[in-house]
Amino acid sequence: MWWRSASFILDRQQNDAALRPDTSSTITPPPPTESSSAMGLPTDHNPNISAYYQTRAAHHAVVTSDWLAQAQAAAVVAHDPPQSTSTADPDKPFSVIDVFNNWRRQPDLAEAVAAIRALAAVIRSSQASTMMQLEIELKKASDSLKAWDTTSISLTAGCDLFMRYVTRTSALEYEDFNSAKSRLIERAEKFGEISYKSRKIIAMLSQEFIFDGCTILVHGFSRVVFEVLKLAAQNKKLFRVFCTEGRPDRTGLRLSNELAKLDVPVKLVIDSAVAYTMDEVDMVFVGADGVVESGGIINMMGTYQIALVANSMNKPVYVAAESYKFARLYPLDQKDLAPALRPIDFGVPIPSKVEVERSARDYTPPQYLTLLFTDLGVLTPSVVSDELIQLYL
Amino acid sequence: MDPSRRAPRSAIDPVPKFRQVGFFTPGAPPERSQSGPPDPTHSTPVSDVSQSANSLSPVMIPPPRHLSDNLVIHARPTLASPLRADSLAGGGVSSFGDFFPAPMSPATPASSSYSSRMAAGEGSFFERHGGGGDKGNNAGKVASSFPRGGFDLTAMKKVSGIGGGGGGGSGVGVPASELTTVSVVNDSLAIHEKEKANRGGGSAVEVKDQSTGSKQQKPKTTKAERRALQESQRAAKAAAKAEGNKASGAATSVNAKPAKAAKPTPKVDNAAVAASEKKGGDCPPEKDRKKDVPQPRMQYDDKSRVEKAKRRAVVKQTEARNRVELFRHLPQYEHGSQLPDLESKFFHLDPVHPAVYKVGLQYLSGDICGANARCIAMFQAFQEAIKDYRVPPEKTLVRDLTAKIGSYVSFLNECRPISISMGNAIRFLKSRIAKLPLTLSESEAKVSLQSDIERFISEKIVLANKVIVKHAVTKIRDGDVLLTYGSSSAVEMILLHAHELGKQFRVVVVDSRPKLRGQLLLRRLLEKGLSCEYTHINAVSYIMHEVTRVFLGASSVLSNGTVFSRVGTACVAMVAHAFRVPVIVCCEAYKFHERVQLDSICSNELGDPDIISNVRGREDVKYLDGWANVENLQLLNLIYDATPSDYVSMIVTDYGMVPPTSVPVIVREYGREQVWI
């Protein structure tokens, strides 16, 4: 029933976007397009609804009609005309959020990478004359980014990592401020570049794990997982994919759509049929919104139960996640997270007395995961904390 | 050592078996044990070893330590003592204390009157234990009059003399390593050998050449040849030494050693053999014993060693009878007698600084318990001791003070076995002493050491606790029911802080006999107005279903994530795990240790069995009166247990919240820093 969704509109837009030169690999921010508001991408967000999932929904294109209407309404209410960066418009004060939003509109660009590039733009446009000033400015920018969406783990983690990576360098000891600054910009761009490429690295790393004739269960739409499967298909591997439907935003439909285009045999299963199909499955592949310190992952709702089922049937669960999603969080249980809420369309009106669980994600503890494919290499869950300790301490 | 064991060993001799286990100097040919010109290529790797060996804490299991110390000491070919001291300060001195045998203390955990003194013990957590009036008492005497320290010093001087001896010295060093490796292989025999090696320092090797040397030889030489060679070398060495001076250590201790070993334990046959081979020579009696950090783990089921250790001990303890078979290797004594005995000796024991003595008594009586409190008390006592310390004439501060601290530590160990966290702290202090620049004057050095101690306490304990509280509080939500077991200072601070932040939660304090330290915690929580529930561990499975978080303290956390803590913790953690309640362990990073332990048997502490045999306040319950005379009854009062990492959801340390699998990372990344701050 995916055709009933609004996805075809966005598909078309995406195809248009694909025709454009690939700006995402360069460092120039994309021109703010008018279509962004038409896409329903909110520039301001409703505090009750996770901005992260709004962006994802916009990018991943399977949007229910009433959500689209709602988002558009929100966008109209609080829509400022998109600003260009201060480099282009020196009268306006530079706002990291705007730059971030511009970057964020690129469907292929992860939110964290957008944040990283926005922060790089902060350094570039900074008028600070001392290192300390610059650092404080950067800190402020990253704080405002983090505050902009507290539910997005990768945004927070990306900002933190950027601060670590960029500011922890001997560049700060240069006597000449300008050379130090240019060094920082260089580092920032390098970091952006690394983050951008990480998906390809992960795809390469995980090829060894996909063998001919295997059946892979995927959940939701993850760009990394899609990259992995795409590369496997390009490498002429023979494999079959089971896509879960991915309620409520039905991102699984989108994935099955994309995979069908690559001529990969795909079967759609509804979310509740995971256990039913598990005995045919050879491995489970999921993405992650965030990888936490215990080595567990935070991902789209339903990942935990799939991991539980897979674990009880001794099937490996592989996670593909870029290292900028490593966050210094340590949830002890499902409720130990800032909830990321998301509207859910049940198709029929829900009586007001009935409560709806609207959380968009769950936490999968490390003992149910087999391996994590990251751009740092193929890691066991316990190594995540190693890496985090080394990154942050 | 019964002769029957010895027999197979000599049978092995003709076909020398060559199995190197653990540390050994790479490529050092066994011949070196006989004819060792100082070889710089070997001394270098060796000193590396000493660095790592140096990092062993007294409670640990480190066979390589002694060998490396020997090596470091003996491998120095230079003579000039200031220079030597200089070079030693770089690598070896920190482990210098290790070189000297631990007085294998028949240590006793005495907790005769805890509950009555609980409050006092608790109050002293941050209290300073000033030496008070007796501070100046010993200052002057220190240098001259203590028997133990005095011996240390002479021994050390002699050792350096050996170094001057050059060839002989380094020759001795290398075999020591081999001996140790061998001893790892043949268990019980080896223990004796190792012990001897420790006792005699490097020189013990000589003795062993007779018995073990042959085993390690490469097959080339026959036994007779080797013996001849040894004999000649020994003669040469003795001659050289006689010329040198009366005290050239190796020869004397070589000779002394067998005699010494033989006398206290005539049963030890190989020692006896050795002794018979070379009697005579000047016996510098206890010279090189009793210095040093307590030897790692003495196996208390080894009768002969226990005998020896007992003779040395300051604290006289009578061994408890009918002990539990599985735990025979741990020390256990009859309680109650030592304290008055020690108290009466207060004014006679010169070598131990009064502040240290006081802390020791407090350990013995159970007034100070809890890892942090014990560690702080110990360090503050050391601070006092260092303040009153004077470098004796013709000694260097670095070496003398290390030995002195070592003797204090062994005294404290006799009072109650040193915990892992204290071991880490001692290791830190010793490395600081070793790292003192030689340019510092005595008073500057003392000030710098005192401030190091101060810093350790404030950074690694007090500040660490604050950071832990900050992290752990984020895991407490409104409406939570938190369960804690026993009394942990970190957990207490967390609960109080969360309460100050206005979080609404309830606390379940689970307690257990015999210490009932939970009551202490309970009282302090109630004073602050927290709503609490109190129960004994028997009811833990009943209470667990309403609990949402379990907070536990730890005595130490080992590298495999095993949490070593008050007995009962494992039980609580397992029940919590079964109920799917997250278990949060709060532990400062200075308590982490690189050791791996799988059970609570091989390293533990035994408490007073009498305490569990009767019930306080219930005079009518005395079914176990006179249990000690019942042959077939054994009481077990364990102090610690090990919680496998599977049952631990999270460890909160000063480096943040980490999973138990990350303990080795922290040990690896920061363990070094902790020592070399």
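A short reminder: the numbers here are calculations on the coordinates, not readings from a lab. Everything numeric in this text was worked out from a predicted model, so none of it was measured. Note: ideal-geometry Cβ built from the backbone for every residue, glycine included; neighbour counts use all protein chains shown.
Filter the GluC sites (Glu not before Pro) in the range B:375-429 to those in DSSP coil with at most 14 other Cβ atoms within 10 Å of their Cβ, and list the result. Intermediate results must be reported in sequence, preceding the final value.
On the way: sites: B:GLU384, B:GLU394, B:GLU414; in loops: B:GLU394.
Here the sparse-neighbourhood loop sites are B:GLU394.
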At R0 = 25 Å, FRET efficiency that the Cβ-Cβ distance of A:CYS214 and B:ARG580 yields, to 0.05 = 0.15
By the Kirkwood definition, with r running over pairs of different Cα atoms, the range B:468-546 has a hydrodynamic radius in Å of 12.6 Å
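Semi-axes of the range A:200-392's equivalent ellipsoid from the Cα gyration tensor, sqrt of 5 times each eigenvalue, largest first, rounded to whole Å?
25, 23, 14
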For the range B:587-673, what is the largest minus smallest coordinate of the Cα atoms on each principal axis, given in angstrom and ordered from greatest to least?
-> 54, 27, 25
If you plug each phi of the range B:383-389 into the Karplus form 6.51 cos²θ - 1.76 cosθ + 1.60 with θ = phi - 60°, what whole-Hz ³J(HN,Hα) values come out, in order, with x for Gly and Pro?
-> 4, 4, 4, 5, 4, 8, 7
A:LEU217's amide H: which non-local residues (gap 5+, or another chain) put their own amide H closer than 5 Å, with H modeled 1.01 Å from N in plane and none for Pro or chain starts?
-> A:PHE242, A:ASP282, A:MET283, A:VAL284, A:PHE285
Dipole of the range B:351-459, positive end: most advanced residue of B:GLN383, B:THR396, B:SER443 [Cβ charges, Cα centre] | B:THR396
B:THR474 paired with B:GLU231, simple spin-label distance in nm, labels 7 Å along Cα-to-beta-carbon | 7.4 nm
Which order do the peptides A:247-259, B:511-523 take when ranked by the mean count of other beta-carbon atoms within 10 Å per residue, highest first?
-> A:247-259, B:511-523
GluC sites (Glu not before Pro) restricted to the range B:575-677 and DSSP loop, no more than 10 other C-beta within 10 Å = B:GLU619, B:GLU631
Here the net charge surrounding A:PRO316, from other residues whose Cβ is less than 15 Å away from its Cβ (Lys, Arg +1; Asp, Glu -1), is -3
About the Cα centre of the range B:351-459, what is the dipole size in debye to 20, counting +1 per Lys and Arg Cβ and -1 per Asp and Glu Cβ, all else neutral?
-> 200 debye
Could you please report the charge total around A:ALA273, scoring K, R as +1 and D, E as -1 over all other residues with beta-carbon less than 13 angstrom from its beta-carbon?
-> -2
If one computes the Cα centroid of the range B:427-448 and of the range A:297-371, what distance in Å separates the two points?
-> 55 Å
Förster radius 41 Å - calculated FRET efficiency between A:TYR392 and A:SER182, Cβ distance, rounded to 0.05 = 0.95
Add +1 for every Lys or Arg and -1 for every Asp or Glu among the other residues with Cβ under 13 Å from the Cβ of A:ILE202, and state the total.
-> +2
Charged-residue dipole, Cβ positions (Lys, Arg, Asp, Glu), the range A:146-284 about Cα centre, Debye nearest 20 | 260 debye
Highest mean first, what order results for A:282-291, A:212-221, B:538-547 on Cβ atoms within 10 Å?
-> A:282-291, A:212-221, B:538-547
Please sort by residue number the chymotrypsin sites (Phe, Trp or Tyr not before Pro) in the range B:579-677 whose DSSP state is loop and whose Cβ has at most 16 other Cβ atoms within 10 Å.
-> B:PHE579, B:TYR623
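After finding the eigenvalues of the alpha carbon gyration tensor for the range B:351-459, what semi-axes result from the square roots of 5 times each, listed largest first in whole Å? List each step's numbers first, then the result.
On the way: eigenvalues 109, 43, 25 Å².
So the three semi-axes of the range B:351-459 are 23, 15, 11 Å.
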If amide H atoms are modeled at 1.01 Å from N in the peptide plane, then the residues at a separation of 5 or more from B:LEU552, or on another chain, having amide H under 5 Å from its own are B:ILE584, B:VAL585, B:CYS586
Among B:PRO514, B:SER488, B:ILE476, the residue whose Cα sits farthest towards the positive end of the charge dipole of the range B:472-521, when +1 is placed on the Cβ of each Lys and Arg and -1 on the Cβ of each Asp and Glu, is B:PRO514
Once amide hydrogens are built 1.01 Å from N within the peptide plane, the residues lying 5 or more places from B:PHE592 or on another chain with amide H under 5 Å from its amide H are B:VAL557
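For the range B:505-584, take N as its residue count and report Rg(C-alpha) divided by 2.2 N^0.38 Å.
1.10
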